[in-house]
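Just so you know, all these numbers are worked out from the coordinates, no wet-lab data involved. All figures in this text were calculated on a predicted structure; none of them were measured in a lab. All Cβ positions, glycine included, derive from the backbone under ideal geometry; neighbour counts span all protein chains shown.
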Amino acid sequence: MYGYPFEVRARCIGCEVAGADAQDARFTRGVVEISVRSLATSNPRQRRISDIDRIAAALATQVAATIPPIGVAAASRDGDICAALKAPPLAPGTALTLIQPAGQQSVLVVTIVRRAPACEPLERAGVPGPYYLVHASSAESEAGTVWVAVSGRLRPRRAGSGGIEVPLSAEYPNARVRSCTSQEGLHLTVWAGIPLTSERLWHHYYYLGYDVDPSCHDRDVRDPPR
C-alpha cells in the first residue's frame, strides 16, 4: 500500500471470473483470503502507468479465455447467412453454433466459408464486423432471422423450460441465450444459467429500424456492477 507501512496480500481460492474485457472483469465465484502485515518502511510509489496497463491486459486475456468468441448472425433476403464475431480472425472451415434466441429456440451449426467485406443485415442493425459468410448444410434460412453465434461446434441440449442450453466452457456448462425488445431493437444476451437470475456473460444490441413493444427487463440492458 503506497504511503502506508502495510502489505496487503489477497489470495483467491477457486475463483471464477466473467466479463468481456479488463473494464468488465468481475469475480463470480470463489473465496478471497486477505492478510495484512506491517512493514518497517512504506512501499515505494508506483512510477509507471504502463505497469498497471500490463496487469489489466493480462486480466482481460484471462477473462476472454473463459468463454469462446460470441457474436451475431443474420440471414439476408437471398438466404445467405453472415456472422460477426469480435475475435482473432477465424479460418474458413471453422464451425459456428447459431442459437435462435426468440420463441421456440433452435440451433443451427454452420461453417465459415470466407471473410466478407460487408453484411447488409448486420450493418443495417448496427452490428460491426469483422464479417464472415457461412454455410448451413441442413436448413433453409428465412430472411430476417437473427441468431447468437458462438465459435465452435457446441453440444446443445433442451432445458426443462424448453430453452436451449449450451456448454460454453467448463466454467459455464449450462449457458442460456435470451432475446428481448426495446422500442426499436433487440437486446441479445448470453447468461451463465437461467436468464435474468444468473450472471450475464454477453450482451449486444440489434437495431430493427421500426417500433416494437418493449419487453426487456432492467437486467437485460443495464451495465453489470463493477
Mind listing the long-range amide H neighbours of W202? Cut-off is under 5 Å, sequence gap 5 or more, other chains count too, H placed in the peptide plane at 1.01 Å from N. V190
Counting only other residues whose beta carbon sits under 12 Å from that of W191, what net charge do I get with K and R as +1, D and E as -1? +1
So, R0 is 22 Å and r is the distance between the beta-carbons of Q104 and R153; what FRET efficiency does that work out to, to 0.05? 0.50
Report the full-extension gain for the segment D213 to E184: residue separation times 0.36 nm, less the Cα-Cα distance, to one decimal in nm. 9.6 nm
Whose amide H sits under 5 Å from the amide H of L96, counting only residues 5 or more places off or on another chain, with H placed in the peptide plane? V110, T111, I112, G152
So how far, in whole Å, is the C-alpha centre of region 81-131 from the one of region 176-226? 19
Can you give the extra length, in nm with one decimal, that the chain gains between T111 and V36 once fully stretched, where that is 0.36 nm per residue apart less the Cα-Cα distance? 21.7 nm
